[in-house]
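What follows is a set of notes on a single structure, which appears directly below.
The values are calculated or read from the model by the stated rules, or taken from the named source; none is laboratory data. Note that this is a predicted model, so its numbers are computed, not measured. Note that each Cβ is placed from the backbone with ideal geometry, even for glycine, and that neighbours are counted across all protein chains shown. Protein only, heavy atoms only, side chains kept; ligands, DNA and RNA dropped before computing areas. Shrake-Rupley method; radii C 1.70, N 1.55, O 1.52, S 1.80 Å.
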Amino acid sequence: AGAAATGSSPTAPGPPWQRETRVEVMNPACGAWSLPRPCRVLVLLNPRGGKGKALQLFRSHVQPLLARADVSFTLMLTEHRNHARELVRVEELGRWDALVVMSGDGLMHEVVNGLMERPDWETAIHKPLCSLPAGSGNALAASLNHYAGYEQVTNEDLLTNCTLLLCRRLLAPMNLLSLQTASGLRLFSVLSLAWGFIADVDLESERFRRLGEMRFTLGTFLRLAALRVYKGTLAYLPVERVVSQGPAPAAVERQNQQGPTDAHLVPLQEPVPPHWTVVPEQDFVLVLALLHTHLSSEMFAAPMGQCPAGTMHLFYVRAGVSRAMLLRLFLAMEKGKHMDYDCPYLVYVPVVAFRLEPKDGKGVFAVDGELMISEAVQGQVHPDYIWMVSGCVEPQPSQKPQQGAPQREH
């Protein structure tokens, strides 16, 4: 399925499915997990993402670097929505050392959810992933660029930096957000869930996709001109309560879906556990649950840094904030200076789980930039659940490979 092309970098003799599966090794230089050398990757590329130049950029900026780094590839072009999700559900993953996703954040969302829908999801989800930016937002790639210590850049510079990370082969574990909705849907997020202002800007600016990142700036001004207030209830489990109270009784043992157990969540029809915090306000401008530092390559939303294992950033803006202040916050977000305003309407708290219940059906959810209908939703973070090509970072005590994850070289 899809148009495919094979890279010319040298590999071991014989078809990939006949070769022995190699394991990722420990890099003694910095204590990070790494891909083997040479390595072979499957590149899933959306030719219509961003400004529609992803394939051209791959040929001009990515392919030459991969050839010099002994990274052989098979290129597969996605042809329709959820195509990547369908492909990874049935792909023979043993053929590849990593899955490379070249598009915006939505394609990585498809890939991760496709892996979680496989019968062998427990091992499939540990296949190393790489994000190469070729979409409009590129928030995940921008966050990985930040973690690697690079300066904040955009467009071709960001693509080059992320390709260099792939050439360096270093891996790091990343958090995964599990979401449950009132209609019984379960899905997984690699980046964010937004409701209100941010979700509206993200989704309403789709018609300006050809503008690239500028679509979000234009969308922000248009939404500010018609600022909305969204009614709902928000509750969350702050990080410090997990240590003192422990997880809630796992009523989610009744869930039939495959995937990790959401031990901190109770069914949506039940009240949140008593050790959760319930926000007294019910009128919001926006709510944002964010796993990483960036909302796009030019929106440094979480300057407090990378989330520790098992936690996420939760932001919300209460109704009453002026248009002028909201504009100042969004303009300052480019350099991560928005928290310096000490805006009383902007609240930030690190959490491990949350529940959000819209009251009037207004507004939409954007999960990793993808549309989701407005209904009650809750989620919790699963620590260090996926492996991403990243910079050389000091591993934390919790960063141990799980079953099916990269293994140390003995």
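Data table
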read-out	value
Condition met for LEU115 (closer than 23 Å to HIS292 by Cα and free of Cβ contacts under 8 Å to residues at least 40 places away in the same chain)	yes
Qualifying positions in segment 49-64 - surrounded by 15 or more Cβ atoms within 10 Å (Cβ to Cβ) and not basic (Lys, Arg)	GLY49, GLY50, ALA54, LEU55, LEU57, PHE58, HIS61, VAL62, GLN63
Some residue of segment 71-85 being open to solvent by 20 Å² or more (accessible area, probe 1.4 Å), among the polar types (S, T, N, Q) and at pLDDT 50 or above	yes
Residues within segment 82-127 that are of a type in the set (Lys, Arg) and over 17 Å from PHE188 (Cα atoms), tallied	1
Positions within segment 91-125 being of a type in the set (D, E, K, R) and open to solvent by 10 Å² or more (accessible area, probe 1.4 Å), in sequence order	GLU91, GLU92, ARG95, ASP105, GLU110, GLU117, ARG118, ASP120, GLU122
Residue check for LEU371: part of a helix (DSSP H, G or I) and open to solvent by 60 Å² or more (accessible area, probe 1.4 Å)	no
Qualifying residue in segment 179-193 (condition: assigned to a loop (DSSP other than H, G, I, E, B), in contact (Cβ under 8 Å) with a residue 12 or more places away in the chain and not assigned by the TED database to the domain that holds LEU295)	no
Among the residues listed as VAL347, VAL317, VAL279, VAL272, the single one being assigned by the TED database to the domain that holds ARG241, over 24 Å from GLY106 (Cα atoms) and surrounded by fewer than 17 Cβ atoms within 10 Å (Cβ to Cβ)	VAL347
Any hit, segment 194-207, residues being assigned to a strand (DSSP E or B) and modelled with pLDDT of 90 or more	yes
Scan of segment 356-368 for residues that are touching a strand residue (DSSP E or B) at 6+ places or on another chain (Cβ under 8 Å) and open to solvent by 10 Å² or more (accessible area, probe 1.4 Å), ordered by number	GLU357, PRO358, LYS359, ASP360, LYS362, GLY363, VAL364
Pick from segment 101-125, criterion assigned to a helix (DSSP H, G or I) and either among the aliphatic types (A, V, I, L, M) or assigned by the TED database to the domain that holds PHE300 (or both), ranking: farthest from HIS80 (Cα to Cα)	ALA124
Scan of segment 159-174 for residues that are of a type in the set (Val, Ile, Thr) and either surrounded by fewer than 22 Cβ atoms within 10 Å (Cβ to Cβ) or without any contact (Cβ under 8 Å) to a residue 40 or more places away in the chain (or both), ordered by number	THR160
Any hit, segment 325-334, residues being crowded, with 20+ Cβ neighbours inside 10 Å and over 19 Å from LEU193 (Cα atoms)	yes
Residue match in segment 9-32 (condition: at pLDDT below 50 and surrounded by 19 or more Cβ atoms within 10 Å (Cβ to Cβ))	yes
Of all residues in segment 126-158 being in a helix (DSSP H, G or I), more than 23 Å from LEU93 (Cβ to Cβ) and not charged (D, E, K, R), the one that is most open to solvent (accessible area, probe 1.4 Å)	ASN155
